[in-house]
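Working notes, beginning with the structure itself.
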Amino acid sequence: MSVNPLKELETLGQSLWLDYIRRDLIASGELRRLIEEDGLRGMTSNPSIFEKAIADSHDYDEDIRSIALSGKGAETIYETLSQRDVQSAADEFRPLYDRTDGKDGYVSLEVNPHLAHDTKGTIEEARRLWAALERPNILIKVPATANGLPAIQQLIGEGISINVTLLFGLPRYRQVAEAYLAGLEARAEQGQPLKHLASVASFFISRIDALVDPLLEKLIAQGCKESDLAREAHGQIAIASAKMAYQIYKEIFGGDRFRKLAAKGGRTQRLLWASTSTKNAEYSDVKYIEALIGADTVDTAPLETLHAYRDHGEPKARLEHHVKEAHWVLARLPELGIDIDKVTRQLEDEGVEKFNQPFDKLMATLAQRSPQPSRWNGCT
């Protein structure tokens, strides 16, 4: 009997998480099967995932009706539904969380995406969600915006586990890691425990190529002197960025500053590869999983990518292969007129909007599906 490629990832030091959540996945026992048979070790969610889960099914209709009739609005309905799903999923993962002493078994829930540039609002909402969920194996997702950085530091200092999301660029990744370490240090100075505090830094992958590749294709088509370099860079920028991020990770979490925190129980903030589904149909549907398998990392994939990897994945630790080439291709981008820092800033702005839009669409859907509570106050 052949070995399941998904389960082999664990032997190579990588944890597989699912970028998807839906009530019937949990209720049907499918999530438990994925944990037991495929070695699934966590789950992530976002506003877009919840919008599709709720809008494309009738699984939530009874709850929507019940909550609406109690006089609650769309945002309260969303929070109630999403928190119930996250809690149920966290309970499925709890044995794994206990067995791995808190390394894996996490489920993520994001703060309202409209708070991406609001430090104070993000902190307040993250505190509220953390308290409401009441599970140790929860990660609150906070965007890696400039205004998100102080929120990350503050929340880590308070002992709230964080999934840093919408991370695209290497300079910003350093800032995220710095915020995490500063949060740990603040907590340690207060004499608070670090052991069960967790965090991942979710580095978005395929969206980088989706933006840069068309620029490279234009140069290739023009047949200019830079066309050969553009051809070499085509389809490689996202993976090169991830490989360099991992080198930064090793530098930061292999340094003296973190060693002092590790001695007090602090954990590394693992890199999590997000946006791993292939956007270009000409690429392998497992391109962004195959290239980024490495120790102490997490890969979160949607169901279709997970199924594809189970079918024809070829696990091998490739994350540290061709690191010099990755550095070289990123260093040559200015010759092609591409400012990678500008690209990643654009992706961050677009990423925030890509979460705002489905969130707003979901609010409209919930309002539309919600019956109005009766205004009758007794006999006339």
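The values are calculated or read from the model by the stated rules, or taken from the named source; none is laboratory data. On a predicted model such as this, the values are computed, not experimentally measured, just so you know. Positions of Cβ are backbone-derived with ideal geometry, glycine not excepted, and every protein chain shown enters the neighbour counts. Accessible surface is based on the protein model in full, side chains and every heavy atom, while ligands, DNA and RNA are left aside. Shrake-Rupley method; radii C 1.70, N 1.55, O 1.52, S 1.80 Å.
Of the trypsin sites (Lys or Arg not before Pro) in the stretch 162-255, which ones lie in a loop per DSSP and count no more than 15 other C-beta atoms within 10 Å? Kindly include the intermediate steps, with their values, before the conclusion.
Values: sites: Arg172, Arg174, Arg187, Lys195, Arg207, Lys218, Lys225, Arg231, Lys243, Lys250; in loops: Lys195, Lys225.
Answer in residue order: Lys195, Lys225.
Taking the simple approach of a point 7 Å from Cα along Cα-to-Cβ for both Asn147 and Asp256, what is their distance in nm?
It works out to 3.8 nm between the two label points.
So how exposed is His307, as accessible area in Å² (1.4 Å probe, rounded to 10)?
Approximately 80 Å² of His307 is accessible to the 1.4 Å probe.
Once phi is turned into θ = phi - 60°, what whole-Hz ³J(HN,Hα) does the Karplus curve with 6.51, -1.76 and 1.60 give for every residue of the stretch 242-247, x standing for Gly and Pro?
Here the 3J(HN,Hα) series is 5, 4, 6, 4, 5, 5 Hz.
Hey, what angle do you get for helix 119-133 against the long axis of the chain, alpha-carbon based, 0 to 90 degrees rounded to 10?
So the helix axis and the longest Cα principal axis differ by about 60 degrees.
Would you mind working out the accessible area per residue for the chain, using a 1.4 Å probe, and quoting it in Å²?
On the way: 16830 Å² over 380 residues.
Here the per-residue accessible area is 44 Å².
Compute the long axis of helix 303-312 from its Cα atoms, compare it with the longest principal axis of the Cα atoms of the chain, and write down the angle in degrees, 0 to 90, nearest 10.
40
What longest region of the chain stays clear of GluC sites (Glu not before Pro) that DSSP places outside H, G, I, E and B and that have at most 11 other Cβ atoms within 10 Å?
135-281
Can you pull the percent of the stretch 260-380's accessible area that's carbon plus sulfur, 1.4 Å probe, other chains left in place? Working shown, then result.
Working: 3370 of 6590 Å².
Here it works out to 51 percent.
In debye, nearest 20, what is the charge dipole magnitude of the stretch 1-139 about its Cα centre with +1 on Lys and Arg Cβ and -1 on Asp and Glu Cβ, if you could check? Before the final figure, lay out each step's value.
Details: 17 positive and 27 negative charges, 56 e Å.
It works out to roughly 260 debye.
Round to a whole number: what % of the accessible area of the stretch 133-176 belongs to carbon and sulfur, probe 1.4 Å?
Details: 500 of 1110 Å².
Taking all protein chains in place, the stretch 133-176 shows 44 percent carbon and sulfur surface.
Filter the trypsin sites (Lys or Arg not before Pro) in the stretch 267-341 down to the DSSP loop ones having no more than 12 other Cβ atoms within 10 Å, then list what survives. Walk me through the intermediate numbers first.
Numbers: sites: Arg267, Arg270, Lys279, Lys287, Arg310, Lys316, Arg318, Lys324, Arg332; in loops: Arg267, Lys279, Lys316, Arg318, Arg332.
Filter output for the stretch 267-341: Lys316.
Which pairs in the list Lys7/Lys250; Lys120/Lys218; Lys103/Lys243; Lys218/Lys361; Lys7/Lys52 are over 32 Å apart, alpha-carbon to alpha-carbon? Write out the running numbers ahead of the final one.
Working: Lys7/Lys250 24 Å; Lys120/Lys218 43 Å; Lys103/Lys243 22 Å; Lys218/Lys361 35 Å; Lys7/Lys52 28 Å.
Over 32 Å Cα-Cα: Lys120/Lys218; Lys218/Lys361.
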